[in-house]
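Engineer: Questions regarding the structure given below will be posed in turn.
The values are calculated or read from the model by the stated rules, or taken from the named source; none is laboratory data. No experiment lies behind these values; they were computed from the predicted model shown. Using ideal geometry, Cβ is built from the backbone for each residue, glycine included, and neighbour counts are taken over all protein chains shown.
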Amino acid sequence: MSAADQRRACAKLKHVLVERPRRSNGPDQQVAGTGASRRTALRPHNDPGNTVDLNWSDSEERFRSEVRAWLAANVPTEPLPSGDSREGFAAHIEWEKKLFAAGYAAVSWPEEYGGRGSSLWEWLIFEEEYYRANAPNRVTQNGIFLLAPTLFEYGTDEQKRRILKPMAAAEVTWAQGWSEPNSGSDLASLQSRAVRVDGGWRLSGQKTWCTRGSFCDMVFGLFRSDPDAQRHSGLTYFMVPLDAEGVTVRAVERLDGDEGFAEVFFEDVFVPDTDIIGEVNNGWKVAMATASSERGLSLRSPGRFMATATRLIDLYRRSGCSDARIRDEVIRAWMDAQAYNITTLQTVTRMLDGQTITAESSLTKIFWSDMDVRTHKTALDILALSGELDEEAPAADSGGAWLKGYQFALAGPIYAGTNEIQRNVVATRVLGLPRK
Amino acid sequence: MSAADQRRACAKLKHVLVERPRRSNGPDQQVAGTGASRRTALRPHNDPGNTVDLNWSDSEERFRSEVRAWLAANVPTEPLPSGDSREGFAAHIEWEKKLFAAGYAAVSWPEEYGGRGSSLWEWLIFEEEYYRANAPNRVTQNGIFLLAPTLFEYGTDEQKRRILKPMAAAEVTWAQGWSEPNSGSDLASLQSRAVRVDGGWRLSGQKTWCTRGSFCDMVFGLFRSDPDAQRHSGLTYFMVPLDAEGVTVRAVERLDGDEGFAEVFFEDVFVPDTDIIGEVNNGWKVAMATASSERGLSLRSPGRFMATATRLIDLYRRSGCSDARIRDEVIRAWMDAQAYNITTLQTVTRMLDGQTITAESSLTKIFWSDMDVRTHKTALDILALSGELDEEAPAADSGGAWLKGYQFALAGPIYAGTNEIQRNVVATRVLGLPRK
Amino acid sequence: MRFAFTDDQLLFRDAVRDMLKKECPPGVVRAAWESDNGRSAKLWSQLAEMGVLGAAAPESMGGLEMAPLDTVLLFEEFGRAALPEPVLEHMGVAVPILTACPPSPARDAVLRDACTGAATLTVALSATPHVLYADSATHLIAERDGAIYLVAAGALGLTPQQSVDRSRRLFTVTFDIGEATVLAEGEDAAPILAAAFEHATLYSSAILTGLASTMIDMGVEYASTRKQFGKAIGTFQAVQHKLADAFLANQFARPVVYKGAYALTHDTDVHTSVSMAKAYASDAAIAASESVLQTHGAIGYTTECDLHLFMKRAWALARAFGNSKWHRNRIGHHVLDDGPADARL
Amino acid sequence: MRFAFTDDQLLFRDAVRDMLKKECPPGVVRAAWESDNGRSAKLWSQLAEMGVLGAAAPESMGGLEMAPLDTVLLFEEFGRAALPEPVLEHMGVAVPILTACPPSPARDAVLRDACTGAATLTVALSATPHVLYADSATHLIAERDGAIYLVAAGALGLTPQQSVDRSRRLFTVTFDIGEATVLAEGEDAAPILAAAFEHATLYSSAILTGLASTMIDMGVEYASTRKQFGKAIGTFQAVQHKLADAFLANQFARPVVYKGAYALTHDTDVHTSVSMAKAYASDAAIAASESVLQTHGAIGYTTECDLHLFMKRAWALARAFGNSKWHRNRIGHHVLDDGPADARL
């Protein structure tokens, strides 16, 4: 831009300023006490809403009130047993059915699939209220937050009609089947096979780290459908009933003692063509869309971390702790949750403006997973000598939730792509550093 | 070891215990107030000194007293100008001559070379006292701490006689010439050449980051003497006068504004065979011995960091700072300096026992360089708004020493092998992780 | 709910960015370091011409009547270029103070001149010991005993205090109250001075994120071209992750800074939002300086490399108006409700 | 000046290491988790036979009369093996307490039995809320109102408190003072109890460095064999540096722990030296647990992987007897001379 162009740009700017309506000051636009009248931020005169505006609309506030009231009336007063144990899973399914009946299972989905057509903003509000109310963990989340976005993008109408509503209703529960024993960070090296047969495919191989695989009805994952294709090519995205002939499920105990994982073995398991998502041999692309959801917005909403920070502040106050270093960590935990929320508001605005969020979601994954570990470590520092007590100990604070939360948080830098892989992605795809 | 062997070992142990002299309790071996008599630590009966003993001997204490008294009487009351500036260098040389005259220039060297034959323990004591007294930085250090250890190991008697005493006396000053513009972390890729001629060699090429190269008399470094050999092979270790024909020195300004660096250009510079250290084409091995000194014990004695920690405590107290987070960092700085000292005592014991310290010195390099940055950042946090003032600002605390120290500390993770390279060394050579 | 800048806000930012890219490359910053007053030769008038200097002033005084949300992006650009001019003091603090002060002939005259660039303003807030560019400013806006004064440059007694950043010309300043004009006092002055501190802090944060952006760009550029062990050092995971972490910290700081501008614009949640901005931006900029220096190795450790121009500004600004610890503490007092913030910055 | 262990000290260490390598592989620890009392089936008698249990007791009572410098290396081995036995409580704390208490028939009898392993002792210090292995111990050495009591196991009221480490069987304990025997009180008891806390803290530190060593070994082993992207993950710089940093932290913690043992042996500089040990060892062990878990990925996140046996012990011990913040604070009060240490651990 030449100096002359710059001057023209500024002249245009001044013109816009002169034209726009002035000083429509509501009460919140006064600088209290300065005595000076205050300007609203610069707006293009043809789109008064197109600027930073961090107020919720009246209808959004109404939505929040409704959600809050329903949760206050319905969230179990005693925490359910862990959803990653067999009896806990059953209790959680009951809760999920209640949630569905009230229309809250998947608020942002279209009504025909069991949602209520809420906006992304309302979804954020729902999440905030859900975690604020300390409502049960969502055992349906691998379906609702991982599979469903993929179905919305790549599923056939028949699949969407058949699968989504039972998923939201917790009638059919879903486990993910991404990893294999030799394919963790290097997901493209998957070896489980799919062989073409009449009317469908026969699957063989092994999947591992299938969350709640011992309790779920279905699993989704990638299988190598073209044995001659290399790595990312030749993979197909399948959905498989966990009680199908040839499927064996073995529970694997998680760090915290829950049977949160399963290994799933496939021996010549028949899957019809109708249970493929997207095109044959195009599974990598389909899966990456899901992986992007997993890392990005949908799995870890800010409400979750804001609620954790609030509980940490409560713990700090209750503890009588007067250590300024711990106090600093408590403040930092609160700040981080706020910063994550602010960043999310920016991201959602971009998404609503039609921009796509791709490799940048790696930044988000690193941020929330590191934050979550730090926050729980601070809680254990506050608990000091009793930090080691787990949920079975009568003297455990909050039923051992902080210790369990710490262990759960430690998984954050590992799953959905390790933070090392995410940093590689940031370095090469966002910053453009050379790969070789 | 079988269970029977273990029992035998224990029986032997009990035998030793029964045999050894008991309860030779001096006053410092009583647990004050417990009323219980106290055992000295287990000792083999034939070597009563062979256990952990952190007391200095009477002669070491006398040595300390002498050093302390001399420094108290002789360290300039006003700090000298920076030894990395031209006028400061001259002032420092005067100081170094005084130090030499008193026999303190290189205490651990044999007397014939200008030292006083002190033990490694006395060297540690000297360093502690030197930094405690806030005595001037040693502008001779690249000679005394980098080149001299190499000469002691690889130099001819003639070289030692010719070079060491003038080095200690600060009559001949030395710059190092390791790096080249395209060879920093990858030192083995050096391109400067040495070509055989009658009676010696002709050197060509360029060296960079030669510390105080603008003020020194001599430079030492590696040149590629066999152009056909690959990387580590075919390098020879040369010493070159900086006023030799064909040598051009260009000063490079360091971050803190001092001309601390120089680039040195070599155009067909003649060097006689007598100025090669070690064997022709064996320079890499010779240089690595020096690099190991640089990273290990000799360059960064604990006394330096203990003195910095003491000054930090003083600054913290003077500042009236009441921030418990800063207080914690001050304590940590003190602890780190102590831990570094304790580790050094262990290392020196090992060296005196005849063990060699090789790749483990990388651990030391990482520890002190990271510690030094942290410590200076804490000081700048205490100084708060005035932390940005440099030595020319009348309001600067301690003459801007903390700001200058921070900038100097930032070089620590870079020079003598970046900390990234050091972590590679620890991972592959100490932990044995695979290279490829 | 919407968190995005308007096209016009971005247009203004782009215009300033383009101008600075052309007119304020690192060589200009370097020249300012060597100059008499730490400033560039001609940028001040160009900034005036673009309407930048008086952006926050009323239109009636020749300004653009812009809110912090309109100008925060400009400060990010000032940081990106390490602009060696008193923009923070003049347009970020002094002009908003004057705008908020009751009209008077003295105030109006200097405010008009501030918009055209005929006047160069600097500020002396009680919380900060130094006055920037006091030797080249035409006027000082000074806080003393709770009142706001206007002092002509000629009436100032100056003692230079050298900063690590040679384009930050610092002075300790004295003046005779008799030679100063009162602009506001007592209850009128207090909220204006309180707001001035928040403005200075927020705009410092924006500058810091801009500085960090440039440093990270320099690190990426250097790592992409510098070869060791037969390949670009940017292919080494240790270098990649160091730069990724620096980038991450700055990317999370930026929207927090914008939130701070929103809070100032709408006078809502000001202390917490502005302190969040300063805490994240200060930490991100210092982390970027250290990571990018480490990426450069020895070359970054010289004044021949442009990196130092940005690092040193970052080190200074990260501590100006309170470092990250101070601001976290202030947030703590709001969030935990456990007492007043520390007086000492 | 000399900082090295004697051949005999190393010989004893090696003997214990070899025995534990053979008799206490991870499978034994795992079995202890599932057992009734969190302990192994036969290790107690083997430790007794080697003289370990009574190492600190007078020879006249059947002990080896060893000082902390003689036994600190053994605790490192206990950590290395994650030994599921009350060695810290019995030989690290209770036996030294009994040794320091005035002789009496009750004290002598239990001390003799402690050396042979016929008695299993645990301790209840006022600073810690839980008593370990109170269900399988034969006697409790308890601090109450500044006095030291000996209580037979049958007289204890126990409430189990489940630890994250299933081989740390914790209990809150009650007993009737009428059923307890006084071993020392008042001025006699105070220094013994003070020393007991230091012993417990120092030996915890030694165990932590041993735990960290094993975890790092496991990380190196896994990274050397696990392949992704066609090569061992240990070739990736991010993995290498993570393990290098964990190793570095533990390597600097170890001599600090030995210095703590020296300080206890010679009663010099005890508080600072022991707190240094606990601070470094706690931080090193937690860092090792997190780095090695990250290196393992999901497999480390299961109870099928042995890693968790070591991680959970580390998480518990790092907070037992004061976490690193508490100990840094205590050091601070000594170094900065700015008041008494915090009462609350």
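Engineer: Quick check on C:ALA285: is it more than 9 Å from chain A (Cβ to nearest Cβ) and of a type outside the set (S, T, N, Q)? Steps first, please.
Structural biologist: Numbers: more than 9 Å from chain A (Cβ to nearest Cβ): yes; of a type outside the set (S, T, N, Q): yes.
In short, yes.
Engineer: Next up: Among the residues of region D:33-49, are any away from chain B (no Cβ under 12 Å), out of contact with any helix residue (DSSP H, G or I) (no Cβ under 6 Å at 6 or more places or on another chain) and among the small types (Gly, Ala, Ser)?
Structural biologist: Yes, the conditions are met somewhere in region D:33-49.
Engineer: A follow-up question, please. Checking B:LEU297 against (1) within 14 Å of chain A (Cβ to nearest Cβ); (2) at pLDDT below 95, which test does it fail?
Structural biologist: Exception for B:LEU297: condition (1).
Engineer: Inside region D:90-143, can you point out the residues that are part of a helix (DSSP H, G or I) and in contact (Cβ under 8 Å) with a residue 60 or more places away in the chain?
Structural biologist: Result: D:GLY92, D:VAL93, D:PRO96, D:ILE97, D:LEU98, D:ALA100, D:ALA106, D:ARG107, D:ALA114, D:CYS115, D:THR116.
Engineer: So which residues in region C:288-298 are more than 8 Å from chain B (Cβ to nearest Cβ) and either closer than 18 Å to B:THR211 by Cβ or not in a helix (DSSP H, G or I) (or both)?
Structural biologist: Selection gives C:HIS296 alone.
Engineer: Which residue out of D:ASP165, D:ASP176 is crowded, with 24+ Cβ neighbours inside 10 Å and acidic (Asp, Glu)?
Structural biologist: Details: D:ASP176 fails: crowded, with 24+ Cβ neighbours inside 10 Å.
Among D:ASP165, D:ASP176, only D:ASP165 is crowded, with 24+ Cβ neighbours inside 10 Å and acidic (Asp, Glu).
Engineer: Further question: Tally up the residues in region B:50-66 that are more than 19 Å from D:ASP269 (Cα to Cα) and modelled with pLDDT under 95, please.
Structural biologist: Going through region B:50-66 one residue at a time, the tally reaches 1.
Engineer: Moving on. Would region A:255-274 turn up any residue that is at pLDDT 95 or above, touching a helix residue (DSSP H, G or I) at 6+ places or on another chain (Cβ under 7 Å), buried (at least 17 other Cβ atoms within 10 Å of the Cβ) and not assigned by TED's automatic domain parsing to the domain that holds A:GLY83?
Structural biologist: Scanning region A:255-274, I find no residue that is at pLDDT 95 or above, touching a helix residue (DSSP H, G or I) at 6+ places or on another chain (Cβ under 7 Å), buried (at least 17 other Cβ atoms within 10 Å of the Cβ) and not assigned by TED's automatic domain parsing to the domain that holds A:GLY83, so the answer is no.
Engineer: Quick one: which helices (runs of 4 or more DSSP H) sit completely within region B:356-436 and have at least 3 residues that are among the hydroxyl-bearing types (Ser, Thr, Tyr) and under 22 Å from the mean Cα position of the chain (by Cα)? Spell out how you get there, then give the answer.
Structural biologist: On the way: elements: B:361-383, B:401-411, B:419-425.
Of the helices (runs of 4 or more DSSP H) lying wholly inside region B:356-436, those with at least 3 residues that are among the hydroxyl-bearing types (Ser, Thr, Tyr) and under 22 Å from the mean Cα position of the chain (by Cα) span B:361-383.
Engineer: Only one of (1) within 14 Å of chain A (Cβ to nearest Cβ); (2) part of a strand (DSSP E or B); (3) of a type in the set (D, E, K, R) is not met by C:GLU77, so which one is it?
Structural biologist: (2)
Engineer: Restrict the check to region C:303-313 and report whether at least one residue is facing chain B (nearest Cβ under 9 Å), out of contact with any helix residue (DSSP H, G or I) (no Cβ under 9 Å at 6 or more places or on another chain), among the charged types (D, E, K, R) and on the phi < 0 side of the Ramachandran plot.
Structural biologist: Looking through region C:303-313, at least one residue is facing chain B (nearest Cβ under 9 Å), out of contact with any helix residue (DSSP H, G or I) (no Cβ under 9 Å at 6 or more places or on another chain), among the charged types (D, E, K, R) and on the phi < 0 side of the Ramachandran plot.
Engineer: Another question, then. Check region B:168-180 and report whether any residue there is in a helix (DSSP H, G or I) and farther than 30 Å from C:ALA223 by Cα. Break it down into steps so the answer makes sense when it comes.
Structural biologist: First, pick out the residues of region B:168-180 that are in a helix (DSSP H, G or I): B:168.
Next, from what is left, pick out any that are farther than 30 Å from C:ALA223 by Cα: B:168.
Yes, some residue in region B:168-180 is in a helix (DSSP H, G or I) and farther than 30 Å from C:ALA223 by Cα.
Engineer: Can you tell me how many residues in region B:232-249 are of a type in the set (S, T, N, Q) and either more than 21 Å from B:ALA262 (Cβ to Cβ) or not in a strand (DSSP E or B) (or both)?
Structural biologist: The initial filter retains those residues of region B:232-249 that are of a type in the set (S, T, N, Q), namely B:233, B:236, B:248.
Those left that are additionally either more than 21 Å from B:ALA262 (Cβ to Cβ) or not in a strand (DSSP E or B) (or both): B:233, B:236.
Number of matching residues: 2.
Engineer: Can you go through B:THR208, B:THR140 and tell me which one is crowded, with 21+ Cβ neighbours inside 10 Å and touching a Pro at 6+ places or on another chain (Cβ under 6 Å)?
Structural biologist: Details: B:THR140 fails: touching a Pro at 6+ places or on another chain (Cβ under 6 Å).
Criteria check complete, one pass: B:THR208.
Engineer: Of all residues in region C:253-282, count the ones that are at the interface with chain A (Cβ under 7 Å from one of its Cβ atoms) and under 27 Å from B:ASN419 (Cα atoms).
Structural biologist: The qualifying residues number 1.
Engineer: Next up: Filter region C:328-343 for residues that are free of Cβ contacts under 8 Å to residues at least 12 places away in the same chain and either assigned to a helix (DSSP H, G or I) or of a type outside the set (Gly, Ala, Ser) (or both); which is surrounded by the most Cβ atoms within 10 Å (Cβ to Cβ)?
Structural biologist: Looking at residues that are free of Cβ contacts under 8 Å to residues at least 12 places away in the same chain and either assigned to a helix (DSSP H, G or I) or of a type outside the set (Gly, Ala, Ser) (or both), I get C:GLY332.
Engineer: Another question, then. Can you tell which of C:GLY146, C:GLY157 is closer than 30 Å to C:GLU34 by Cα and among the small types (Gly, Ala, Ser)?
Structural biologist: Details: C:GLY146 fails: closer than 30 Å to C:GLU34 by Cα.
None of the others qualify; the one that does is C:GLY157.
For every residue, the table says whether it meets (1) touching a Leu at 6+ places or on another chain (Cβ under 7 Å); (2) assigned to a helix (DSSP H, G or I); (3) at pLDDT 95 or above.
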{"position": "B:ALA69", "(1), (2), (3)": "no, yes, yes"}
{"position": "B:GLU78", "(1), (2), (3)": "no, no, no"}
{"position": "B:HIS92", "(1), (2), (3)": "yes, yes, yes"}
{"position": "B:LEU99", "(1), (2), (3)": "no, yes, yes"}
{"position": "B:GLU127", "(1), (2), (3)": "no, yes, yes"}
{"position": "B:ALA135", "(1), (2), (3)": "yes, no, yes"}
{"position": "B:ASN142", "(1), (2), (3)": "no, yes, no"}
{"position": "B:LEU147", "(1), (2), (3)": "no, yes, no"}
{"position": "B:PHE152", "(1), (2), (3)": "no, yes, no"}
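Engineer: Then there is this: With the structure loaded, tell me whether B:ASP353 is within 8 Å of another protein chain (Cβ to nearest Cβ) and surrounded by fewer than 19 Cβ atoms within 10 Å (Cβ to Cβ) or whether it fails that test.
Structural biologist: Numbers: within 8 Å of another protein chain (Cβ to nearest Cβ): yes; surrounded by fewer than 19 Cβ atoms within 10 Å (Cβ to Cβ): yes.
When the stated conditions are applied, B:ASP353 passes them.
Engineer: Here is a check on your reading of the model: is A:LYS377 of a type in the set (Lys, Arg), in the same structural domain as A:LEU315 (by TED's automatic domain parsing) and buried (at least 22 other Cβ atoms within 10 Å of the Cβ)?
Structural biologist: no
Engineer: Still on this structure, please answer the following. Being more than 14 Å from the chain's Cα centre (by Cα), of a type in the set (D, E, K, R) and crowded, with 24+ Cβ neighbours inside 10 Å narrows it down to one residue among C:LYS259, C:LYS325, C:LYS278, C:LYS312; which is it?
Structural biologist: On the way: C:LYS325 fails: crowded, with 24+ Cβ neighbours inside 10 Å; C:LYS278 fails: more than 14 Å from the chain's Cα centre (by Cα); C:LYS312 fails: more than 14 Å from the chain's Cα centre (by Cα).
Answer to the check: C:LYS259.
Engineer: Moving to a separate point now. Specify the residue that is farthest from the other protein chains (Cβ to nearest Cβ); the eligible residues are those in region A:388-405 that are within 30 Å of D:HIS241 (Cα to Cα) and either crowded, with 23+ Cβ neighbours inside 10 Å or of a type in the set (Val, Ile, Thr) (or both). So that I can check it myself, show each step before the final result.
Structural biologist: Filtering region A:388-405 for residues within 30 Å of D:HIS241 (Cα to Cα) gives A:388, A:402-405.
Right, trim to either crowded, with 23+ Cβ neighbours inside 10 Å or of a type in the set (Val, Ile, Thr) (or both) and you get A:388, A:402-403.
Values: A:GLU388: 4, A:TRP402: 11, A:LEU403: 6 Å.
Step by step, filter region A:388-405, then rank; the result is A:TRP402.
Engineer: Taking the residues in region A:101-125 that are touching a Gly at 6+ places or on another chain (Cβ under 9 Å) and either touching a residue at least 60 places away in the same chain (Cβ under 8 Å) or in a helix (DSSP H, G or I) (or both) as candidates, determine which candidate is surrounded by the fewest Cβ atoms within 10 Å (Cβ to Cβ). Talk me through it step by step, then tell me what you get.
Structural biologist: At the first step, the residues of region A:101-125 found to be touching a Gly at 6+ places or on another chain (Cβ under 9 Å) are A:103, A:105-111, A:114-116, A:124-125.
This time we only want the ones that are either touching a residue at least 60 places away in the same chain (Cβ under 8 Å) or in a helix (DSSP H, G or I) (or both), so: A:105-106, A:111, A:124-125.
Working: A:ALA105: 24, A:ALA106: 27, A:GLU111: 9, A:LEU124: 23, A:ILE125: 24.
The selected residue is A:GLU111.
Engineer: Does D:ASP70 satisfy the criteria of being surrounded by fewer than 24 Cβ atoms within 10 Å (Cβ to Cβ), within 11 Å of chain B (Cβ to nearest Cβ) and either assigned to a helix (DSSP H, G or I) or not hydrophobic (A, V, I, L, M, F, W, C) (or both)?
Structural biologist: Working: surrounded by fewer than 24 Cβ atoms within 10 Å (Cβ to Cβ): no; within 11 Å of chain B (Cβ to nearest Cβ): yes; either assigned to a helix (DSSP H, G or I) or not hydrophobic (A, V, I, L, M, F, W, C) (or both): yes.
For D:ASP70, the condition - surrounded by fewer than 24 Cβ atoms within 10 Å (Cβ to Cβ), within 11 Å of chain B (Cβ to nearest Cβ) and either assigned to a helix (DSSP H, G or I) or not hydrophobic (A, V, I, L, M, F, W, C) (or both) - is not met.
Engineer: Could you list all residues from region C:232-255 that are buried (at least 24 other Cβ atoms within 10 Å of the Cβ) and β-branched (Val, Ile, Thr)?
Structural biologist: If the condition is that a residue be buried (at least 24 other Cβ atoms within 10 Å of the Cβ) and β-branched (Val, Ile, Thr), then C:ILE233, C:VAL239 are the ones that fit.
Engineer: Another question about this same structure. For region C:194-231: of the residues being more than 14 Å from chain B (Cβ to nearest Cβ) and of a type in the set (D, E, K, R), which is surrounded by the most Cβ atoms within 10 Å (Cβ to Cβ)?
Structural biologist: Going through the qualifying residues, I end up with C:GLU198.
Engineer: Here's something else I'd like to know. Among the residues in region C:35-58, are any under 18 Å from the mean Cα position of the chain (by Cα) and hydroxyl-bearing (Ser, Thr, Tyr)?
Structural biologist: Yes.
Engineer: Scan region A:379-387 and tell me whether some residue there is within 25 Å of B:ILE326 (Cα to Cα), within 14 Å of chain B (Cβ to nearest Cβ) and either out of contact with any Pro (no Cβ under 6 Å at 6 or more places or on another chain) or at pLDDT below 95 (or both).
Structural biologist: Yes; the residues of region A:379-387 include at least one that is within 25 Å of B:ILE326 (Cα to Cα), within 14 Å of chain B (Cβ to nearest Cβ) and either out of contact with any Pro (no Cβ under 6 Å at 6 or more places or on another chain) or at pLDDT below 95 (or both).
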